[in-house]
Amino acid sequence: MKNMKNTKKMTGAKIILESLKKENVSTVFGYPGGVVLGIFDELYDDKDLKLILTRHEQGAVHMADGYARVTGEPGVALVTSGPGATNTVTGIANAYMDSIPMVVLTGQVPTALIGNDAFQEADIVGITRPCTKYNYLVKDVKDLAYTIKEAFHIARTGRPGPVLIDLPKDITTASCDFVWPDKVDIRSYRPTMQGNKVVMKQAAVAAAAAKKPVIIAGGGVVASGAYKELLEFAKLLNAPVTTTMMALGAFPASNPLSLGMPGMHGTYYANMAIQNSDMLIGVGVRFEDRVTGKTSTFAPHAKIIQIDIDPTSIRKNVRVDIPVVGDIKNVLRDMNTILKDEIKPKWDEVSKSWLKQIDDWKSQHPLSYSLKNDVIKPQFVVEKLYEITKGNAIITTEVGQNQMWAAQFYRYEQPRHWVSSGGLGTMGFGFPAAIGAQLAKPDALVIDIAGDGSIQMNIQEIATAVINKLPVKVAILNNQYLGMVRQWQELFYGERYSHTFLDSHMIPDFVKVAEAYGAVGLRATKPSEVEPVIREAIKVKQPVFMDFICDWKEKVYPMVPAGGSLDEMLLPEPEAKEEKKKKLKAVK
Amino acid sequence: MRHTISVLVENKFGVLSRISGLFSGRGFNIESISVGETLDPQISQMTIITSGDDQIIEQITKQLNKLVDVIKVVDLLEVDHVEREMVLIKVSPRQEQKAEVLRVAEIFRGRIIDSSPKTYTIEVTGDEKKIEALIGILRPMGIKEFIRTGKIAISREGIK
Ligand SMILES: Cc1ncc(C[n+]2csc(CCOP(=O)(O)OP(=O)(O)O)c2C)c(N)n1
Ligand SMILES: [Mg+2]
């Protein structure tokens, strides 16, 4: 199994770096400390591995995450023991919830001290057991290379996820021959890649027979890279496609079959289509509660086909009639073949009236907001960003209203151009994720659409952006509030704004913060200033904070109140008379 | 409904914690769990007794299968199998009931594995019903303490 030719004695620290290179890693995000000094020392004159020194370990992990989301390759973070390790937990949990491949290396106290409550000891393997796909404590330097190989294998295959390797200090200083294994084979870990032929046939036949089919595509489509297959599948079935937040860009927003996003803040037409459908085809989607609303009334008339590589995703949240376990790309390719060969397409006629119905819903209630002359509407900023970048930017987001508006009013045509914390909903994710994305894609325009609250959770990473000359742009939709929470307080708690006002039109002065770090700060307070600010921000080749002082009262619509049925949507309030109503044309 | 789930796992550090964490983290209930080495010392066998509706049991078996260290999961409810549990019961009967205790132990094919002037310790192996019945009979005669191993189970024919 092991290749014993050309072996060299190396320290554990060196073995770690060489192993990373074997896995094609070129960038590591990290932060030093006592027990990882040896590894950092090896990094000091390593020409092939770049360490990006962040300002917080959470930043490092989110950067690795952003890097992974735009490339599809595992992101790597390296931190010290104790507080360094515990600071990674949010980032790891975030990656776990969104199935992002990642390898996190944590230093640990020497093996002899483990369990003694030694200085800066934390049981990070125990702490992260429920939020990693797998984790390791390496107890022998001879296991190091194999463990790293295995960790990358587990992180990137099957349903991807974060893997943590805990590295006691004495393991990194001990030496042994560096033996890089040719392959890994884990008898207890063999993800199902191919769908079952009989079941796929059954699913294809059922899908083709449906009169009101809807495809609901999730993050699994991105993980599996099944864009072409999805497009073909949709065309063959002539079925509309709704993309969950995790899948924005996996199906082009401008395609006439696109329904946009479903769920709590999904489009009216996506939710109506689901609720009236007779055949729902879930592709790489786990049917999370933000997507389904009340499950007992979810898609009440539909048979459900669910395709997923992770059998536990199937039937976890909603009833499923035909489950298909396998890699999405393989399954859709096979199902497309079945559809082409075996089923005589005559469903064009049938689907016409269904697509007509959907078009009616699209024109009845497109995504909309009321434009004002005196105050900036946050949606207007997002629309302008879309217009000016022609939809080509990589958009990362924070969490809250900013995230929803970024999902609704920017149109995603290409996969891996949307980077947002879905499952965990982590404020403070978007900015470091943007930095990680920019490192991976130096020529791309990377914009974090941020909230004034969230940006302050990892604002220190502006130093990382400036020092590494990473020209990320941050568009702060500054509504002076923890806006999404305020929206719930307005709607469900009688406008009692308990501890959601942030004073952030003044504190901090985001322009000055940017300037203090050597970045560029720009501010817009009127709608007419929005476009010039965006153009200026794109022109300068530096990191920029754009502070858009927005209407604090603006809410995200449509909205399905938590626990409600998808068709019980709150729609935008009728606008006051003096306001000029602006309706976006629904994508047709 | 009660299920006996047999799980083959890598005999590695931390595996039990991964399994128990899976149950506690998802609100599944473990009624009993027993772990031991198998013919292959690198593999351990766990027998887990749990209960839940079909959907929960389906999730439990799938989630167990998903764990990287789990080699095989079998819901024994679906296959022909035998189960056994062992119990150690310490009784301290009144003088006039001592003979009766010994007689009951014999009926249940129990063995007296320890005795003191005041107590007998009985070892009995059997299925759950037998053990429950024995405890039921001995209880009025003065059980001081009992310890159960939790069930272990094995399929009748080799499961592929
Ligand atoms: C780390 C973290 N803490 C708390 C929350 C709960 N939360 C969700 S949205 C939100 C408000 C976010 O405010 P801001 O960043 O200003 O965005 P806005 O909604 O105003 O656009 C809060 C507090 C969270 N998602 N993440
Ligand atoms: Mg805000």
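The values are calculated or read from the model by the stated rules, or taken from the named source; none is laboratory data. Note that the structure is a prediction, hence the values are computed from the model and not measured. Cβ coordinates were reconstructed from backbone atoms using ideal geometry, including for glycine residues, and neighbour counts include every protein chain displayed. To get the accessible areas, we keep the full protein, side chains included, count just its heavy atoms, and leave off ligands, DNA and RNA. Shrake-Rupley method; radii C 1.70, N 1.55, O 1.52, S 1.80 Å.
The label point for residue A:570 and the one for residue B:100, both projected 7 Å from the Cα toward the Cβ, are 7.0 nm apart. On the basis of the beta-carbon distance and an R0 of 22 Å, residue B:55 and residue A:196 show a calculated FRET efficiency of 0.55.
Taking loop as defined by DSSP and a crowding limit of 12 other beta carbons within 10 Å, which trypsin sites (Lys or Arg not before Pro) in segment A:362-436 fit? Working shown, then result.
Details: sites: A:362, A:372, A:384, A:390, A:411, A:416; in loops: A:372, A:390, A:411, A:416.
The qualifying sites are A:390.
For residue A:137, what is the net charge nearby, where nearby means another residue's Cβ is under 14 Å from its Cβ and Lys, Arg count +1, Asp, Glu -1? Spelling it out: positives minus negatives among the neighbours equals -3.
Suppose we flag GluC sites (Glu not before Pro) only when DSSP calls them loop and at most 10 other Cβ atoms lie within 10 Å. Which is the longest uninterrupted stretch of chain A? Could you put the intermediate results ahead of the total?
Values: sites that count: A:495, A:578.
Between the exposed loop sites, the longest stretch runs A:1-494.
Annotation: amide H-H contacts under 5 Å for residue A:523 (H modelled 1.01 Å from N, sequence separation of 5 or more, or interchain): A:547. Each of residue A:45 and residue A:507 was given a label point 7 Å from its Cα along the Cα-to-Cβ line. The distance between the two points is 5.0 nm.
I'd like to check one number: the per residue accessible area of chain B, probe 1.4 Å, reported in Å² as a whole number.
Details: 8990 Å² over 160 residues.
Ligands and nucleic acids excluded, the result is 56 Å² per residue.
The trypsin sites (Lys or Arg not before Pro) of segment A:289-357 meeting both criteria, a DSSP state outside H, G, I, E and B (loop) and at most 10 other C-beta atoms within 10 angstrom of the site's C-beta, are A:346.
Restriction of the chymotrypsin sites (Phe, Trp or Tyr not before Pro) in segment A:233-274 to DSSP coil positions whose beta-carbon has at most 14 other beta-carbons within 10 angstrom yields no sites.
Would you mind telling me the share, in percent, of accessible area of the protein assembly as shown contributed by carbon and sulfur at probe 1.4 angstrom?
Details: 16800 of 31900 Å².
Solvent-exposed carbon and sulfur of the protein assembly as shown make up 53 percent of the total.
Positive contributions from Lys and Arg (+1) and negative ones from Asp and Glu (-1), summed over other residues with Cβ under 14 Å from the Cβ of residue A:172, come out at -3. Once both labels are positioned 7 Å from their Cα atoms along Cα-to-Cβ, the gap between residue A:37 and residue B:29 label points is 5.4 nm.
Interface residues of segment A:126-145, defined as those losing at least 40 Å² of solvent-accessible heavy-atom surface relative to the isolated chain (probe radius 1.4 Å), are listed as A:129, A:134.
Return one whole number: the accessible area per residue of chain A in Å², for a 1.4 Å probe. List each step's numbers first, then the result.
Values: 22920 Å² over 588 residues.
That works out to 39 Å² for each residue.
Taking every C-alpha pair closer than 8 Å and separated by at least 6 residues, the mean separation divided by the residue count of chain B gives a relative contact order of 28 percent. Association of chains B and A removes close to 1700 square angstrom of accessible area from solvent, both sides included, for a probe radius of 1.4 Å. For segment A:451-576, the relative contact order is 29 percent, taking Cα pairs closer than 8 Å that sit 6 or more residues apart in sequence and dividing their mean separation by the residue count.
Remark: accessible surface ordering of B:111, A:69, A:156 (largest first) is B:111, A:156, A:69, probe radius 1.4 Å.
For a 30 Å ceiling on Cα separation, which of these pairs sit above it: A:50/A:473; A:50/A:329; A:133/A:340; A:201/B:62; A:512/A:541? Please report the intermediate quantities before stating the final value.
Working: A:50/A:473 23 Å; A:50/A:329 33 Å; A:133/A:340 37 Å; A:201/B:62 24 Å; A:512/A:541 18 Å.
Too far apart for the 30 Å limit: A:50/A:329; A:133/A:340.
Where the alpha-carbon atoms of segment A:271-360 are placed on the principal axes, they occupy 34, 33, 18 Å, in descending order. Burial of accessible area (probe 1.4 Å, heavy atoms of protein chains only) in segment A:308-322, relative to its chain alone, reaches at least 10 Å² for A:310, A:311, A:312, A:314, A:315, A:316. Only protein heavy atoms count here; under a 1.4 Å probe, residue A:301 has an accessible surface of about 120 Å².
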